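Report on the structure given below.
The values are calculated or read from the model by the stated rules, or taken from the named source; none is laboratory data. Because the structure is a prediction, the values reported are computed rather than measured. Every residue, glycine as well, gets a Cβ built from its backbone with ideal geometry; the counts of neighbours run over all protein chains shown. Surface accessibility is based on the protein's heavy atoms, side chains included, excluding ligands, DNA and RNA. Shrake-Rupley method; radii C 1.70, N 1.55, O 1.52, S 1.80 Å.
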Amino acid sequence: MALNSKAPEGPLAEKWDKHKFNVKLVNPANKRKYDVIVVGTGLAGASAAASLAELGYNVKAFTYHDSPRRAHSIAAQGGVNAAKNYQNDGDSVFRLFYDTIKGGDYRSREANVYRLAQVSVNIIDQCVAQGVPFAREYGGLLANRSFGGAQVSRTFYARGQTGQQLLLGAYSALSRQIAYGKVKMYTRSELLDVVVVDGQARGIVTRNLITGETQTHAAHAVVLATGGYGNVFYLSTNAMYCNATAAWRAHKKGAYFANPCFTQIHPTCIPVSGDYQSKLTLMSESLRNDGRVWVPKTKEMAERVRNNEVKPQDVQEDDRDYFLERKYPAFGNLVPRDVASRNAKQMCDEGRGVGSTGLAVYLDFSEIIKRTSAEAVSQKYGNLFAMYEKITDENPYERPMRIYPAVHYTMGGLWVDYNLQTTIPGLYATGECNFSDHGANRLGASALMQGLADGYFVIPSTIGDYLAATPPKPVTTDHPAFAEAKAGVQARVEQLLSIKGNRTPDEFHKKLGHLMWEYCGMARNAEGLKFAKAEIAKLRKEFWQDVKVVGSGEEMNQALEKAGRVADFLELGELMVDDALDRNESCGGHFREEYATEEGEAKRDDDHYAYVAAWEYTGDNQPERLNKEELVFENVKLTQRSYK
Amino acid sequence: MAGSNPNAKPMNLTLRVWRQPNHQASGQIVEYKVNEISPDMSFLEMLDVLNEDLLHKGQDPVAFDHDCREGICGSCALFINGRSHGPEKGTTTCQLHMRKFSDGETITIEPWRANAFPVNKDLSVDRSAFDRIIQAGGYVSVNTGGTPDGNEIPIPKDISDRAFEAATCIGCGACVAACKNASAMLFVSAKVSQLALLPQGQVEAQTRVENMVARMDIEGFGACSNIGSCAAECPVGISLENIAILNREFLTAKVVSNNMA
Ligand SMILES: Cc1cc2nc3c(=O)[nH]c(=O)nc-3n(C[C@H](O)[C@H](O)[C@H](O)COP(=O)(O)OP(=O)(O)OC[C@H]3O[C@@H](n4cnc5c(N)ncnc54)[C@H](O)[C@@H]3O)c2cc1C
Ligand code: SF4
Ligand code: FES
């Protein structure tokens with residue numbers, strides 16, 4: 001199928017307004033005749049469900065959480081970007097657009113990114129009106145900080161809990177529509193299939209996680225806002241339940257999956273401490289504004305530190321290598337995430353890592369504490385320092401933090417056009433679930449912005465274009481496609497329960513995660529990827545012969561839930577490897593060791609790879625078909641990123 | 001792999017865990033042993049060890065809620081040795097680490113106990129009553145779009161900071177579990193005062209407090225007796241000041257609605 005991005009013609013700055021004028025509108029009196037299903041109630045889903053209900057559509061919203069307030073979005077720490085230019089420091093819509101395109105290493109679509117920057121300013125207004133308590137200055141106006149290496153201060157925040165406050169704002173708007181009866185909320189309901197009738201998305205199949213009941217639901221359109229798939233790596237900063245199932249089921253029903261190998265590894269996370277480790281904790285990027293990253297200069301010194309012969313705080317200045325400051329004098333510790341992560345890995349690979357495992361570097365606050373005071377540092381980062389101490393039992397005011405990169409975010413996701421519609425008509429994808437705006441690398445504080453832009457401002461306009469062309473006749477689950485999808489879901493549950501093997505879903509997940517991290521993580525090469533591909537295929541086969549789940553499908557059964565998700569990760573993992581193999585270049589978070597500059601930096605190949613790789617499912621155990629959306633850059637000049 | 005503290009010795013523990021197949025069935029405490037528990041593990045990672053072991057033995061793993069494991073989503077909710085979220089102050093269950101326990105210890109783990117929080121299974125309870133209280137008025141009635149510029153209404157920093165403090169409630173329900181009346185007053189007051197403090201929320205302040213308090217009663221939460229065990233056990237430090245604000249708001253609302261009647 002030819003991929004049409006449907007990006008409007010015309011000057012960049014006018015595209016969105018023009019598009020909004022050109023899309024068809026649904027007659028206000030008819031809106032209540034349309035049912036829309038929104039799956040996921042994180043930032044992207046809650047904002048969409050509330051806004052669509054306000055417009056008059058009947059919304060059914062679904063989440064596997066026990067409450068919409070708990071989505072993974074709640075954990076975002078640092079902030080949300082918006083081109084308000086409140087700080088008079090030269091920010092503008094165009095600058096935010098430019099930074100996002102460049103930060104994404106020129107692998108995103110200009111029109112989408114520009115729209116994102118445009119509506120960013122409305123997000124802040126919306127949230128303030130909801131009562132979101134953003135940080136403020138003494139004069140009572142909103143405060144900003146510079147974040148993730150941006151040269152301007154455009155990040156709005158609520159201490160280290162921005163995601164929480166934004167989500168609770170969206171949750172409150174959603175709650176209001178639930179109270180009005182315009183949204184019917186289904187909690188603890190997991191989407192296990194998408195129903196397609198005559199080529200159009202017409203509903204979903206869910207499993208009630210408390211009773212085990214399988215249900216079907218019909219609607220005129222379906223929006224997936226089901227988050228990212230970082231947990232394919234087992235260990236990540238994502239919440240434990242984050243998974244790929246919704247996107248993957250949609251993919252198998254015909255939605256193309258774009259750039260699956262673009263994953264973001266965040267440089268500042270608390271390192272792994274043992275085999276029992278269940279997840280990794282992020283230490284906010286804002287720490288890099290004041291902390292200095294270093295490792296011992298020599299392997300010998302690193303070894304003495306690892307063996308506790310020397311305390312890190314006692315290592316002399318001369319024996320330290322502030323490697324980011326040394327290699328990137330212009331940006332220093334504030335280089336983008338992918339660059340910071342790769343360099344930390346390189347130091348550890350050289351044998352200069354610290355901590356008992358040797359897989360950590362230091363993030364040191366002694367200088368800022370000396371320059372200001374421990375109290376000033378605590379004012380800014382108190383909650384993060386406390387969390388660090390709780391987890392590691394070490395005091396970061398006295399001893400430098402140990403940090404190491406960890407999987408954090410997935411830029412890849414369901415392919416969507418400018419309307420956020422997937423390749424299945426009537427099926428939309430928003431938030432981290434889609435691939436749209438961050439190219440090969442996402443800038444800090446831009447995911448919250450994108451989720452809310454999609455939900456509050458984009459989907460409410462674009463979905464009307466599709467619905468207006470759909471007759472406002474009631475939809476039902478009578479079509480045989482519903483019964484068929486339901487039977488498929490039930491058969492799979494039965495199959496998982498009947499294997500009665502010897503290995504737990506977690507054991508398979510860990511093994512997969514290990515393969516992904518080693519061969520499709522921070523650095524990749526063709527040989528390793530081919531090895532991983534074969535290993536994953538083997539593991540998948542073993543899974544279906546040897547997975548162990550007890551109990552029944554008619555009850556709350558967390559091991560069964562987990563098994564279903566791991567089964568999908570095992571398929572997605574292989575596609576990620578295929579995608580990484582196809583992309584014979586390095587860009588953003590995708591670093592192929594064969595494609596590096598002499599200084600070891602990522603080397604893009606714009607002549608051959610300035611495209612979105614959109615993968616098409618062709619059948620079980622069949623190779624997926626690659627479709628390309630060529631990226632056209634009319635407003636920015638492609639340059640090699642340099643942070644020297 | 002060694003943990004961050006190379007001297008920490010693994011522990012052997014006895015767990016007494018509440019098992020209940022579903023809401024209708026009755027439940028009981030069942031005893032399990034877990035061995036070689038690293039002090040660097042989180043409490044939930046210790047339960048993961050138990051569950052992997054049970055699964056291998058062909059037994060039903062213990063159901064419990066969790067997600068972020070960072071103390072922010074409010075999913076985890078265990079009553080450990082008679083205390084909401086266990087022995088460490090200001091800590092959710094997921095952020096509690098095993099170094100707070102000692103080798104050979106017996107640990108009793110139960111779900112939140114409250115009529116308004118029926119048990120789903122084992123240690124997982126249904127807290128949707130909290131959602132219904134928020135639906136009764138825990139919002140500002142604004143639609144998407146057409147809102148004034150974010151800097152249109154300056155808000156004094158100390159007011160905004162207090163609203164933020166109240167807004168940090170994670171909706172875990174520890175306050176209810178800690179209260180002998182199973183009152184939800186701390187939870188409700190946190191939302192009421194966040195919005196009552198901010199100009200955006202003041203427009204609807206009166207109806208909000210009345211409707212949310214009425215809903216709290218309908219859901220079957222008990223009365224507040226101002227002892228303060230809720231705030232003492234709240235993992236994020238929601239303060240009793242919020243209950244004072246709620247009471248004030250509630251009285252004002254009553255006076256106004258009586259005048260109107
Ligand atoms: C630790 C951390 C810190 C972060 N900090 C920042 C930051 O400071 N700034 C920033 O911009 N970004 C940050 N991010 C990224 C950002 O938080 C996420 O990208 C964003 O919140 C994703 O929002 P979402 O609405 O798309 O998905 P989510 O919040 O993940 O929500 C997904 C929803 O879908 C539901 N769901 C999923 N699958 C199913 C299914 N099969 N059936 C039913 N329901 C389903 C879930 O229940 C949930 O409601 C951070 C991420 C992490 C991990
Ligand atoms: S007030 Fe505290 S204890 Fe109660 S629900 Fe909120 S965070 Fe939990
Ligand atoms: S699991 Fe999220 S607060 Fe404990």
Single condition A:ARG399 does not satisfy, out of (1) open to solvent by 30 Å² or more (accessible area, probe 1.4 Å); (2) under 30 Å from A:ASN144 (Cα atoms); (3) touching a residue at least 24 places away in the same chain (Cβ under 8 Å); (4) in a helix (DSSP H, G or I)
(4)
Considering B:THR168, B:THR144, B:THR91, which residue is farther than 15 Å from B:MET212 by Cβ, in contact with a Ser or Thr (Cβ under 9 Å, 6 or more places away or on another chain) and within 14 Å of another protein chain (Cβ to nearest Cβ)?
B:THR144
Could you pull out the residue among A:GLY10, A:GLY103 that is in contact (Cβ under 8 Å) with a residue 40 or more places away in the chain and either touching a Leu at 6+ places or on another chain (Cβ under 8 Å) or open to solvent by 10 Å² or more (accessible area, probe 1.4 Å) (or both)?
A:GLY103
Could you tell me which numbered condition B:ARG69 fails, if it satisfies all but one of (1) at pLDDT 95 or above; (2) basic (Lys, Arg); (3) away from ligand 1 (no atom under 16 Å from the Cβ)?
(3)
So which strands (runs of 3 or more DSSP E) are wholly in region A:153-208 and hold at least 1 residues that are in contact with a helix residue (DSSP H, G or I) (Cβ under 8 Å, 6 or more places away or on another chain) and of a type in the set (Gly, Ala, Ser)?
A:200-208
Over region A:402-423, the set of residues touching a Phe, Trp or Tyr at 6+ places or on another chain (Cβ under 7 Å), of a type in the set (A, V, I, L, M, F, W, C) and not in a loop (DSSP other than H, G, I, E, B) is A:VAL407, A:LEU414
A:ALA258 fails exactly one of the following numbered conditions: (1) crowded, with 24+ Cβ neighbours inside 10 Å; (2) out of contact with any strand residue (DSSP E or B) (no Cβ under 6 Å at 6 or more places or on another chain); (3) not aromatic (Phe, Trp, Tyr). What is the number of that condition?
(2)
Among the numbered criteria (1) closer than 20 Å to A:GLY588 by Cβ; (2) part of a helix (DSSP H, G or I); (3) open to solvent by 10 Å² or more (accessible area, probe 1.4 Å), which one does A:GLU375 miss?
(1)
Is it true that some residue in region B:201-220 is charged (D, E, K, R), crowded, with 17+ Cβ neighbours inside 10 Å, more than 16 Å from ligand 3 (Cβ to nearest atom) and not in a helix (DSSP H, G or I)?
yes
What's the number of the condition B:SER160 fails, among (1) more than 7 Å from chain A (Cβ to nearest Cβ); (2) within 24 Å of B:GLY71 (Cβ to Cβ); (3) more than 16 Å from ligand 2 (Cβ to nearest atom)?
(1)
Scanning region A:321-350 residue by residue, those over 28 Å from the mean Cα position of the chain (by Cα) and open to solvent by 20 Å² or more (accessible area, probe 1.4 Å) turn out to be A:TYR322, A:GLU325, A:ARG326, A:LYS327, A:PRO329, A:ALA330, A:GLU350
Is it fair to say B:ALA223 is in contact (Cβ under 8 Å) with a residue 40 or more places away in the chain and open to solvent by 40 Å² or more (accessible area, probe 1.4 Å)?
yes
Of the residues that make up region A:323-344, is at least one assigned to a loop (DSSP other than H, G, I, E, B), among the charged types (D, E, K, R) and touching a residue at least 24 places away in the same chain (Cβ under 8 Å)?
no
What about B:SER189, is it more than 10 Å from chain A (Cβ to nearest Cβ), away from ligand 1 (no atom under 16 Å from the Cβ), polar (S, T, N, Q) and outside any loop (DSSP other than H, G, I, E, B)?
yes
Selection from region B:38-88 of residues that are basic (Lys, Arg), part of a loop (DSSP other than H, G, I, E, B) and more than 8 Å from every other protein chain (Cβ to nearest Cβ)
B:LYS57
Give the residues of region A:260-306 that are hydrophobic (A, V, I, L, M, F, W, C) and more than 14 Å from chain B (Cβ to nearest Cβ), sorted by residue number.
A:CYS261, A:PHE262, A:ILE265, A:LEU287, A:VAL293, A:TRP294, A:VAL295, A:MET301, A:ALA302
Any residue in region B:63-91 that is under 23 Å from B:ILE29 (Cβ atoms) sitting within a Cβ distance under 8 Å of a residue that is within 13 Å of ligand 1 (Cβ to nearest atom) and of a type in the set (Ser, Thr, Tyr)? List the pairs, counting only those 6 or more apart or interchain.
B:ASP65/B:SER75; B:HIS66/B:SER75
Number of the condition not met by A:ASN243 [criteria: (1) farther than 30 Å from A:LEU467 by Cα; (2) within 12 Å of ligand 1 (Cβ to nearest atom); (3) crowded, with 24+ Cβ neighbours inside 10 Å]:
(1)
